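See below for the structure under consideration.
Coordinate-derived values only; no laboratory data. Here the structure is a predicted model, which means the values were calculated and not measured. Neighbour counts are summed over all protein chains in view; Cβ atoms, including those assigned to glycine, are modelled from backbone coordinates with ideal geometry.
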Amino acid sequence: MSDDNHRDIPPHIHLRGQSKNGQWSYDKQFSSTYYDGLSDISQQGTSFVGRTALVTGCGRGSIGAEIVRSLLMGGAKVLATSSSYSRQTTLFFEDMYRKHGSRGSELIVVPFNQGSVQDIDSLVTFVFGQLGWDLDYVFPFAAVSDIGSTVDNLGSHSELALRVMLTNVLRLLGSIKLAKTKYNSAGRPALVVIPLSPNHGDFGGDGLYGESKIALETTFNRWKSEMWRGHISIAGAVIGWTRGTGLMSANNLVAEAIENAGVRTFSPREMAFNIIGLLNPRVA
């Protein structure tokens, strides 16, 4: 491969911009700004004092949990949701706050089923109506593993996973938009980080996971064509191979071999750091 071809290959971690024809491509200048922001965070930390965040899909060992940890360290008020609300869950978050909560930070944990329309509406009502919060950041990272489901045996579990990872992500955005309109906070749009994936059916045997991630990419066009950009801004995080998460646990045994073959993998904490970089004022 020539040196010119090497120069055309973007780094593993980079930002892409959308051209007028709708194509996404490596944006070298914007990526450089993003790297500067990551450097600032790693050397000086970052402040989220006065900011509020909603994080779904943040159980033990997840990228979402590491995002919650980072937000608390920066002084944010965080509402974390759990689909398996229990004493063990509350102890996990209590320990996280005890170790990483900083001045001004706040952590509230509530039970939540992202597959339920009623839960979505109740959650947003709780945030805006009962807590009296606005939302600055939203991470709809809840996911459902669907290992073994192929095109000839898709069932109700695959449909549930699609609802959690696609349909109700859009519903959550819509509910937040309505709440911001109701509570007159249109001038303070929430930054929603959409969880995307390079896996568009490449692994196979994971139900409708690839379809849900491809479909979420249409959100960027919706943002331009529908009337909610004053309430919500969006960023897409194409999340690479992250070791140890619930969705990737079945592949942990081959992660080392994948790295030896030249593929970059990440720990949940490394991936969360890269995502938190999207909140840096240089980028957001």
### In nm, spacing of pseudo-spin labels at Leu154 and Gln118 (7 Å Cα→C-beta vector)
2.8 nm
### Summary
With 0.36 nm assigned to each residue of separation and the Cα-Cα distance removed, Arg60 to Lys224 gains 55.5 nm
### Query
If you count the DSSP beta bridges with both ends in the chain, what percent of them are antiparallel, to the nearest 5?
10 percent
#### Entry: Label point distance in nm, Leu178-Asp95, each placed 7 Å from Cα along Cα→Cβ
3.9 nm
### Message
On a straight-distance basis, which aspartates and glutamates could pair with Lys77 in a cross-link, Cα separation under 18 angstrom, same-chain partners fewer than 8 positions away excluded?
### Response
Glu66, Glu94, Asp95, Glu106, Asp134, Asp136
### Task
Provide Rg and Dmax in Å for the chain, with only Cα atoms included in the calculation.
18.8, 60
### the chain, relative contact order [Cα under 8 Å, separation at least 6], %
19 percent
### Summary
Ranking Val68, Ile214, Leu107 by how far each Cα lies towards the positive end of the charge dipole of region 49-279 (+1 on Lys and Arg Cβ, -1 on Asp and Glu Cβ), the top one is Leu107
### Message
Tell me the Kirkwood radius of region 140-244: reciprocal of the mean inverse pair distance over distinct alpha-carbon atoms, in Å.
### Response
14.8 Å
### Message
Expected output is a single nm value to one decimal: the length gained when fully extending between Gln23 and Arg269, i.e. 0.36 nm times separation in residues minus the C-alpha distance. What is it?
### Response
85.6 nm
### Task
Compute the longest continuous run of the chain that contains no exposed chymotrypsin sites (Phe, Trp or Tyr not before Pro); treat a site as exposed when its DSSP state is not H, G, I, E or B and it has at most 15 other Cβ atoms within 10 Å.
86-182
